[in-house]
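Asker: Could you have a look at this structure, given as structure tokens, before my questions?
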Amino acid sequence: MSSPRYPLNTNNRPIALVGLMGCGKSTVGKELSRQTGMPLLDMDTVIEEQIGKSIPEIFSECGEAHFRALETALLRYLAERRYDGERKPPIISTGGGVVMREENRRLLRQLGFVVWLNADVRTLLQRTARSSHRPLLRNADPEGTLRRLLAERAPAYAATAHYSLDCTRTNAFATARRVCKAAARYFAALRRSAH
Ligand code: S3P
């Protein structure tokens, strides 16, 4: 990887992105990784690789509850790891439903800096329209589903995140810059409070 344009001191802790399907976690995650030089870890991808099945296959063959247990197991593992020396702290792109378990919310906040990427339902719908890999949106009314999920989950996103931003009308570069600046302030404040 080429040298990062905006190196960031995160006290060796990860940055996690939470938010509804289509909010831009993967795109912003890639851009953040490019800007900071921190590796990107996409939880859905790691789970797919571990199990050897796609997310829709895991949902249909093993059930959503099983997928949720895999998410928690992965978060426990990530929260126990030490990120120093050779192992750089990652940018973690989470699945949209991860905040619905209390343990996951606690693990995410314990891990590092948590950012809620929010967007309006129209934008979420546009960004998810072309993909077929989201089992929860494979139904006759994806807009209604997104509306319901946003209402149900917004309090959990808000309770988990250290920082929230609306990225309805911004591009990934600008969003990633804002996340970097917020993370720099957060980690600097942590360092000051440790002295
Ligand atoms: C889910 C979101 C998906 C994936 C799974 C369930 C959800 O991830 O984890 O389909 O419950 O919102 P993305 O948010 O990356 O699409």
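Asker: Touching a residue at least 12 places away in the same chain (Cβ under 8 Å), within 19 Å of Thr170 (Cβ to Cβ) and part of a helix (DSSP H, G or I) - does that describe any residue in region 131-140?
Answerer: No: region 131-140 contains no residue that is touching a residue at least 12 places away in the same chain (Cβ under 8 Å), within 19 Å of Thr170 (Cβ to Cβ) and part of a helix (DSSP H, G or I).
Asker: Listed residues Leu125, Leu150, Leu146; which is more than 30 Å from Tyr186 (Cβ to Cβ), touching a residue at least 12 places away in the same chain (Cβ under 8 Å) and not β-branched (Val, Ile, Thr)?
Answerer: Values: Leu150 fails: more than 30 Å from Tyr186 (Cβ to Cβ); Leu146 fails: more than 30 Å from Tyr186 (Cβ to Cβ).
Of the residues listed, the single one that is more than 30 Å from Tyr186 (Cβ to Cβ), touching a residue at least 12 places away in the same chain (Cβ under 8 Å) and not β-branched (Val, Ile, Thr) is Leu125.
Asker: While we're looking at this one, here's another question. Just to verify a result, which residue in region 1-39, among those that are crowded, with 21+ Cβ neighbours inside 10 Å and in a helix (DSSP H, G or I), is nearest to the ligand (Cβ to nearest atom)?
Answerer: Lys25
Asker: Here's a check for you: in region 40-72, which residue that is of a type in the set (Val, Ile, Thr) and within 12 Å of the ligand (Cβ to nearest atom) is surrounded by the fewest Cβ atoms within 10 Å (Cβ to Cβ)?
Answerer: Thr45
Asker: Something else about it: For region 71-126, how many residues are farther than 21 Å from Thr36 by Cβ and hydroxyl-bearing (Ser, Thr, Tyr)?
Answerer: Counting residues in region 71-126 that are farther than 21 Å from Thr36 by Cβ and hydroxyl-bearing (Ser, Thr, Tyr) gives 3.
Asker: Here is a list: Leu150, Leu124. Which entry is surrounded by 21 or more Cβ atoms within 10 Å (Cβ to Cβ) and part of a helix (DSSP H, G or I)?
Answerer: Working: Leu150 fails: surrounded by 21 or more Cβ atoms within 10 Å (Cβ to Cβ).
Leu124 is the lone residue from the list that is surrounded by 21 or more Cβ atoms within 10 Å (Cβ to Cβ) and part of a helix (DSSP H, G or I).
All of the numbers you see were taken from the coordinates with simple rules; none came from a lab. Please read these numbers as outputs of a predicted model, since none were measured by experiment. Methodologically, a virtual Cβ is constructed for each residue, glycine included, from the backbone with ideal geometry; neighbour enumeration extends over all protein chains shown.
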